[in-house]
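Q: Please find one structure pasted underneath; my questions will follow.
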């Protein structure tokens, strides 16, 4: 279902708003798409990485002589025989560890050989002498004590705290004293994995002149190129990054990782192209994860249900290195201060190092974790106040025109509409609280997330070039990257709409840094909004070039011209017409001819947050989910029966694609809620395989109901806002609330695997409620 | 890298395995062996491909006697309508083993001989008094299925011996069985606890019962004292509860990533009660014929 | 060791390592890279192919064990450059996003439709539960299989 709140009557859309198949789908369904691991090239070597078996150890020595002598081995590298510099946020990481390893999986050495088997045999011949050091795995232990120090080489660091994120707005203590009801509790989340079905695969090849070409599924390609150059001492003008089709990322492939540098270093030493493909085990052990975040939260309200304050103590367990994963706290903070209207808020938070695989920028980026706490407390509060949780939400819902405590300017907001839709579809008013006899329950959760970029870098921009060649073919060259999410098709639709051509007249080029204009990268649900605006701007300019020529040829002013299906007509005299191909040729072939081509760069009007204040995004997305579960009181097994969702997408450029993003995101959220976890024992991931990890199957995800709410954002392309991450955010909270409704217990952590649910049932875990200053039984 | 030997007869297979004891590993469906080879769990010089020994596959039902060839695919058990009626536990175990693809490849003999403590098929066979037939260089022998298992990943087969068939009795009427399990996901998962129960009734009394457990001891367990708790009368909540308690006491689960020992014991008790109840409903004709139970046995009318 | 088998109707004879998997034979020897892999433990289903019409995970299948049998991969479904009805339904329903699980998913669905031409949604979920998809949440995949079953039924 699509609900459009406002329509712009003047805007008649022919392509935007249609359910159109992805342009790349025919190749994908026939197996013709060539992913990185499918590339064949002459002389290709196979790379493999030796990883630390210890969570924390000093490297005394490395002996690679036996590996080097193995026939078929073309390169063996380690910190002692390569040039490399620290890289990453906080410069706390380096590709091949010179003196110390900090988690099980840290990169120590690597080989390139003529085949996989030889490469792995060579790894077995490398001798590393480690001095095992005490390790710390619990973030609270890491926070409390200064020993063992994980990054003793960083002089400014105090203990193992890598960053602090503190914020205060209003007067929380005064608000707490006034509150009729306060709920307080601890909410935790595990280390989880993006787990795309395609594991990471990278190919590096140096031309005889020293030019480096890297094929990588990374989706911040320009930063990737710069980091490769900075870390390895290469000239970044002589690096081309090509992004082959990507077999899913979900943030797992966003950033540069040690294996990227390692593949390049292997190619450099071997003087042959090298491909490194991760096994599934390596993917879990050695690529970026979703950081566990532990939140102690208090929320207070007055007797009518007006929220008075939120107060949070947060520890983000980001593992052995910082990376961008440390910034998951930024998003978690946005939700704690700005999900619903909260007049007073306070957050004290620490990002700590532990001797574990480190966090990255996985879909939702801190938001599912924060929403799990915030939205459970909305229902806990409502129940304590005797108010329906949906009424409590509607009373406090964000509205268009609001500016949140962190300075986020909400220009379009369909939150209330989303809540009303899922309330009605789920039969909430008749069914919530009434299904416990059948072991069933309903629970809800809403979301706020950036939907118009997120300025965490100097520019949040994206470039676009649109050209029309002598055949009339329109080509969009965009800075954005296709990961499977459908950006290629969405951007083509925007260009087709703006140019007045059918979709199949538009080609998209988006995979080569030599060709495409700069873009920050795919993150923060920004591509439709930012790359879409850039594409639309470039398309409008190219169309204007064509209209200028058409005006001359048809003898009519531009404002009397109309474009239909790639043909320019004079309004009222459609027989006076000329198509784009002829127009392009006329411009090309005339004296002082020119090509039809235009470029644009769109950088949204946003602010980098200073002291956590500032309008970080040009638009914000909202949504609401209701989950229905059946809880087996005997085993603790939870079956998700229904999931109703409604999302404010601004405008659905391609409704089928929006649904696909939301359904897929929600299914990942279901996995977070019920099954997915990298279980770590003594610093080691116990079972790094897809069996034990717990990715949902067709038996675990019910048919997800999706409603698209169109609020027509004032700045979005045709009113669109980002939706790539939104779906994953509410399910853990909504499912926890549904389990609470079914059982009366209060979940404290996800994944809510059966034995945890059973334990909460057996120990009668309840809400902690304080009424007028005194604790009451939950 | 292993070499491959493809025997054309059972004798050839047994002979090769005996003469290469310690350096040859039989492979049938391969769904366990191939993983073990890749991860280094098995290192072997020879793989002995049994898949061309077609005579070792087949489901033969003669009256109440069922004989399942060792190379019978799990998928073949799952889709057999006779078994769905008369050996429901077997079908309920088969349908949750891996995926359709895995079940299409995996064999009954492989599932038994890999001796994974959480394997699905052993409990479902144990409640039918299964006996395994074994061929070796010294001839054939048979032994109760329970005696096949020596520990996680270990059987009592001598070097060179091959499991060739499983024999069991499936009563034609007044009987019922059920296999339930606890998992994290609702498909593609290993059992945290697996429970099978079977019974035969005469009038309103249970005259014979079996309870077997998977994943809660180093080997699949048959628990006679749990079954005895329900024999002699109709099934009541009290007798089922007693059976559950005895089963929980008899098992020796470990604590691992799939739950603590205490949790598993509690789940054993619950699932034994449910499996007995469903087996009872089947034996007394109060359960729709051929309908499989929810995998955790939770029925809609069950009180919280 | 010599292996001889039919893939998508073509007979191949190749020298191969005795413990080569069918997956490696297809991708590395025959360069039929339409078949993907995501785990090599049989847990994701990306490498699903048909052997004599039955779905198997080719990562756990010894190539030598399918000697003389007919293997069908995703490349073998489309005829004369056109899309098969399942492939067409995957396109029109938005059932392929990143596309990496898609070949295995379509092959599993093909096996189902050959065995059960008009499956229920529950039967589709059962048949596809060994094929993980991280992008779609499965809604649109199930829709695509239902639609393909309908269009085949109408054509028959």
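The values are calculated or read from the model by the stated rules, or taken from the named source; none is laboratory data. None of these values were measured; they are calculated from a predicted model. Heads up, the Cβs are rebuilt from the backbone with ideal geometry, glycines too, and the neighbour counts pull from every protein chain shown.
Q: Of (1) within 13 Å of another protein chain (Cβ to nearest Cβ); (2) in a strand (DSSP E or B); (3) in contact (Cβ under 8 Å) with a residue 24 or more places away in the chain; (4) over 25 Å from residue A:712 (Cα atoms), residue A:625 satisfies all except one. Which?
A: Every listed condition holds for residue A:625 apart from (4).
Q: Of all residues in the stretch B:76-100, which are surrounded by fewer than 21 Cβ atoms within 10 Å (Cβ to Cβ) and either closer than 17 Å to residue B:198 by Cβ or in contact with a strand residue (DSSP E or B) (Cβ under 8 Å, 6 or more places away or on another chain) (or both)?
A: B:76, B:80, B:82, B:84, B:85
Q: Let me ask something else about it. Mind listing whichever residues of the stretch A:426-438 are away from chain B (no Cβ under 14 Å) and buried (at least 17 other Cβ atoms within 10 Å of the Cβ)?
A: A:426, A:428, A:432
Q: For the structure I just gave you, tell me whether residue C:90 is over 21 Å from residue C:149 (Cα atoms), crowded, with 20+ Cβ neighbours inside 10 Å and within 14 Å of chain A (Cβ to nearest Cβ).
A: So residue C:90 fails the test.
Q: Out of (1) without any contact (Cβ under 8 Å) to a residue 40 or more places away in the chain; (2) out of contact with any strand residue (DSSP E or B) (no Cβ under 9 Å at 6 or more places or on another chain); (3) within 9 Å of another protein chain (Cβ to nearest Cβ); (4) not in a helix (DSSP H, G or I), the odd one out for residue C:36 is which?
A: So residue C:36 meets the others, but not (1).
Q: Could you list, in sequence order, all residues of the stretch B:242-279 that are more than 11 Å from every other protein chain (Cβ to nearest Cβ) and more than 28 Å from residue A:677 (Cβ to Cβ)?
A: The answer is B:242, B:243, B:245, B:246, B:247, B:249, B:250, B:275, B:276, B:277, B:278, B:279.
Q: Being in contact with a helix residue (DSSP H, G or I) (Cβ under 7 Å, 6 or more places away or on another chain) and crowded, with 17+ Cβ neighbours inside 10 Å is the filter; apply it to the stretch A:546-562 and report the residue that is farthest from residue A:491 (Cα to Cα).
A: Applying the filter and picking the extreme gives A:551.
Q: I would also like to ask the following. For the stretch A:50-61, check the following and say yes or no: at least one residue is away from every other protein chain (no Cβ under 14 Å) and either without any contact (Cβ under 8 Å) to a residue 24 or more places away in the chain or under 30 Å from residue C:75 (Cβ atoms) (or both).
A: Scanning the stretch A:50-61, I find no residue that is away from every other protein chain (no Cβ under 14 Å) and either without any contact (Cβ under 8 Å) to a residue 24 or more places away in the chain or under 30 Å from residue C:75 (Cβ atoms) (or both), so the answer is no.
Q: Something else about it: Somewhere in the stretch B:141-155, is a residue in contact with a helix residue (DSSP H, G or I) (Cβ under 8 Å, 6 or more places away or on another chain), surrounded by fewer than 20 Cβ atoms within 10 Å (Cβ to Cβ) and more than 14 Å from chain C (Cβ to nearest Cβ)?
A: Within the stretch B:141-155 (the criterion being in contact with a helix residue (DSSP H, G or I) (Cβ under 8 Å, 6 or more places away or on another chain), surrounded by fewer than 20 Cβ atoms within 10 Å (Cβ to Cβ) and more than 14 Å from chain C (Cβ to nearest Cβ)), the answer is yes, since at least one residue qualifies.
Q: Which residue pairs have Cβ atoms closer than 6 Å, lie 6 or more positions apart in sequence or on different chains, and pair a first residue in the stretch B:283-304 that is more than 8 Å from every other protein chain (Cβ to nearest Cβ) and within 15 Å of residue B:271 (Cα to Cα) with a second residue that is assigned to a loop (DSSP other than H, G, I, E, B) and at pLDDT 95 or above?
A: Within 6 Å, the pairs are B:295/B:96.
Q: Here is a follow-up. Is it the case that residue B:168 is on the phi < 0 side of the Ramachandran plot and within 14 Å of the chain's Cα centre (by Cα)?
A: yes
Q: Being farther than 12 Å from residue C:7 by Cβ, crowded, with 21+ Cβ neighbours inside 10 Å and more than 14 Å from chain A (Cβ to nearest Cβ) is the filter here; which residues of the stretch C:48-74 pass it?
A: Across the stretch C:48-74, the qualifying residues are C:55, C:56, C:61, C:62, C:64, C:65.
Q: Next question. Being closer than 22 Å to residue A:199 by Cβ, in contact with a strand residue (DSSP E or B) (Cβ under 7 Å, 6 or more places away or on another chain) and touching a residue at least 60 places away in the same chain (Cβ under 8 Å) is true for just one of A:710, A:684, A:771, A:677. Which residue is that?
A: That would be A:677, the only listed residue that is closer than 22 Å to residue A:199 by Cβ, in contact with a strand residue (DSSP E or B) (Cβ under 7 Å, 6 or more places away or on another chain) and touching a residue at least 60 places away in the same chain (Cβ under 8 Å).
Q: Go through the residues of the stretch A:371-394 one by one and say whether even a single one is in the same structural domain as residue A:713 (by TED's automatic domain parsing), in contact with a strand residue (DSSP E or B) (Cβ under 7 Å, 6 or more places away or on another chain) and not in a helix (DSSP H, G or I).
A: no
Q: Strands (runs of 3 or more DSSP E) wholly in the stretch A:105-195 with at least 1 residues that are more than 30 Å from residue A:248 (Cβ to Cβ) - which ones?
A: Output list reads A:127-132, A:161-169, A:181-188.
Q: So, in the stretch A:684-714, exactly how many residues are surrounded by fewer than 20 Cβ atoms within 10 Å (Cβ to Cβ) and more than 8 Å from every other protein chain (Cβ to nearest Cβ)?
A: Looking only at that region, the number is 3.
Q: Sticking with this structure for a sec: Filter the stretch A:466-493 down to residues that are part of a loop (DSSP other than H, G, I, E, B) and either within 14 Å of chain C (Cβ to nearest Cβ) or out of contact with any helix residue (DSSP H, G or I) (no Cβ under 8 Å at 6 or more places or on another chain) (or both), then give me how many there are.
A: 6
Q: Please indicate, with yes or no, whether at least one residue in the stretch A:634-655 is within 14 Å of chain C (Cβ to nearest Cβ) and part of a helix (DSSP H, G or I). Break it down stepwise before answering.
A: Applying the first criterion (within 14 Å of chain C (Cβ to nearest Cβ)) to the stretch A:634-655 yields A:639-645, A:647, A:652-655.
Checking the rest, the ones that are also part of a helix (DSSP H, G or I) come to A:655.
The answer is yes; a qualifying residue exists.
Q: Shifting gears a bit: Could you pull out the residue among A:441, A:463 that is within 14 Å of another protein chain (Cβ to nearest Cβ), in contact with a strand residue (DSSP E or B) (Cβ under 9 Å, 6 or more places away or on another chain) and in a strand (DSSP E or B)?
A: A:441
Q: Just to be sure before I move on: is residue B:90 away from chain C (no Cβ under 12 Å), without any contact (Cβ under 8 Å) to a residue 60 or more places away in the chain and either within 30 Å of residue B:252 (Cα to Cα) or out of contact with any helix residue (DSSP H, G or I) (no Cβ under 6 Å at 6 or more places or on another chain) (or both) in the structure I sent? Walk me through it before giving the result.
A: Working: away from chain C (no Cβ under 12 Å): yes; without any contact (Cβ under 8 Å) to a residue 60 or more places away in the chain: no; either within 30 Å of residue B:252 (Cα to Cα) or out of contact with any helix residue (DSSP H, G or I) (no Cβ under 6 Å at 6 or more places or on another chain) (or both): yes.
Spelling it out, it is not the case that residue B:90 is away from chain C (no Cβ under 12 Å), without any contact (Cβ under 8 Å) to a residue 60 or more places away in the chain and either within 30 Å of residue B:252 (Cα to Cα) or out of contact with any helix residue (DSSP H, G or I) (no Cβ under 6 Å at 6 or more places or on another chain) (or both).
Q: Among A:255, A:260, which is assigned to a loop (DSSP other than H, G, I, E, B), under 24 Å from the mean Cα position of the chain (by Cα) and over 26 Å from residue A:172 (Cβ atoms)?
A: The unique qualifying residue is A:255.
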